1. Among the residues of the stretch 55-71, write down those that are out of contact with any Cys (no Cβ under 8 Å at 6 or more places or on another chain), surrounded by fewer than 18 Cβ atoms within 10 Å (Cβ to Cβ) and either free of Cβ contacts under 8 Å to residues at least 12 places away in the same chain or of a type outside the set (K, R) (or both).
2. Could you grab me the full set of residues in the stretch 72-87 that are out of contact with any His (no Cβ under 8 Å at 6 or more places or on another chain) and farther than 24 Å from K182 by Cβ?
3. Select, from L244, L184, L175, L209, the only residue that is of a type outside the set (V, I, T) and over 22 Å from R109 (Cβ atoms).
4. Could you check T142 against (1) surrounded by fewer than 16 Cβ atoms within 10 Å (Cβ to Cβ); (2) closer than 26 Å to L39 by Cα and say which number it fails?
5. Any idea which of L195, L206, L240, L244 is at pLDDT 90 or above and either loosely packed, with under 14 Cβ neighbours inside 10 Å or within 22 Å of S166 (Cα to Cα) (or both)?
Amino acid sequence: MNAVYHLHGDLSQLLRHRWRERQPIVAPVTRIASIKDMLESFGLPHTEIDRIACNGRTINFSHRVEAGQQFDIYPIPSPWDLTTPTLLRPDPLQSLRFIVDVNVGRLARYLRMAGFDTRYDSSWDDQRILREIAADRSILLTRNLDLLKRNQVEFGRYIRATEPVSQLREMLMLLGRVMLPKTLSRCLECNALLLPVSKQAILHRLEPLTIQYFETFSRCPRCNKIYWAGSHVDRMQQSLQAALG
């Protein structure tokens with residue numbers, strides 16, 4: 001006997017190749033398994049699922065699959081409300097923090113540019129990322145579908161776009177944010193919030209033309225990098241406007 005799985009939205013594009021053209025998926029029930037285990041066996045990470053219905057009744061990830069059941073699987077909607085409890089995620093996030101892995105490493109800089117708390121270290125392997133997520137419940141952003149299936153990852157996103165500006169636009173659309181955090185408020189290198197610093201205190205670190213044309217400066221309290229509103233800021237603002245469409 002079989003169970004039937006109807007995938008909505010673009011979820012079928014995240015399946016293993018052998019399942020992508022089989023819509024709905026009709027598969028025999030040959031073992032005792034939860035709906036989470038079954039969907040991930042098809043290749044679909046649990047992080048991409050917002051709601052599951054079995055024969056019209058909403059269920060959680062632990063529901064046991066039985067022959068004759070029909071499932072409807074719905075994607076994360078836009079805007080994605082991360083602060084409201086749901087059946088699949090009863091413990092919502094209290095704050096918005098991201099961890100970016102090496103598969104989308106350039107996105108980290110753009111998220112920081114937009115003001116989002118974003119941690120990224122190119123030396124972190126999957127195990128280190130999972131430990132960091134467990135410690136502070138960050139949202140994992142990656143193009144590694146297998147990493148999103150790990151039990152430690154409660155909130156995550158498989159980034160569809162391939163270029164960083166398009167990836168930032170994808171996240172802004174998903175979050176549905178009309179207002180960004182304070183843009184250009186974080187260090188692009190280490191993510192710390194920037195602090196104002198007097199020009200006199202850093203005069204010895206500035207080039208002559210910078211001294212001549214700029215008066216307002218910020219400094220990263222972690223890596224000590226200096227920031228000011230030069231032409232590079234105009235370019236960053238243009239990138240943010242491109243991401244906002």
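The values are calculated or read from the model by the stated rules, or taken from the named source; none is laboratory data. Computed from a predicted model, the values in this text were never measured in an experiment. We place every Cβ from the backbone using ideal geometry, glycine too, and count neighbours over all the protein chains shown.
1. Start the filter on the stretch 55-71 by keeping residues that are out of contact with any Cys (no Cβ under 8 Å at 6 or more places or on another chain), which leaves 55-62, 64-68.
Now restrict to residues that are surrounded by fewer than 18 Cβ atoms within 10 Å (Cβ to Cβ): 55-58, 60-62, 64, 66-68.
Residues satisfying the conditions are N55, G56, R57, T58, N60, F61, S62, E66, A67, G68.
2. Within the stretch 72-87, the subset out of contact with any His (no Cβ under 8 Å at 6 or more places or on another chain) is 76-87.
Across the stretch 72-87, the qualifying residues are I76, P77, T84, P85, T86, L87.
3. Values: L244 fails: over 22 Å from R109 (Cβ atoms); L184 fails: over 22 Å from R109 (Cβ atoms); L175 fails: over 22 Å from R109 (Cβ atoms).
Going through L244, L184, L175, L209 in turn, the sole match is L209.
4. So the condition that T142 fails would be (1).
5. Values: L206 fails: either loosely packed, with under 14 Cβ neighbours inside 10 Å or within 22 Å of S166 (Cα to Cα) (or both); L240 fails: at pLDDT 90 or above; L244 fails: at pLDDT 90 or above.
Every option except L195 fails the conditions.
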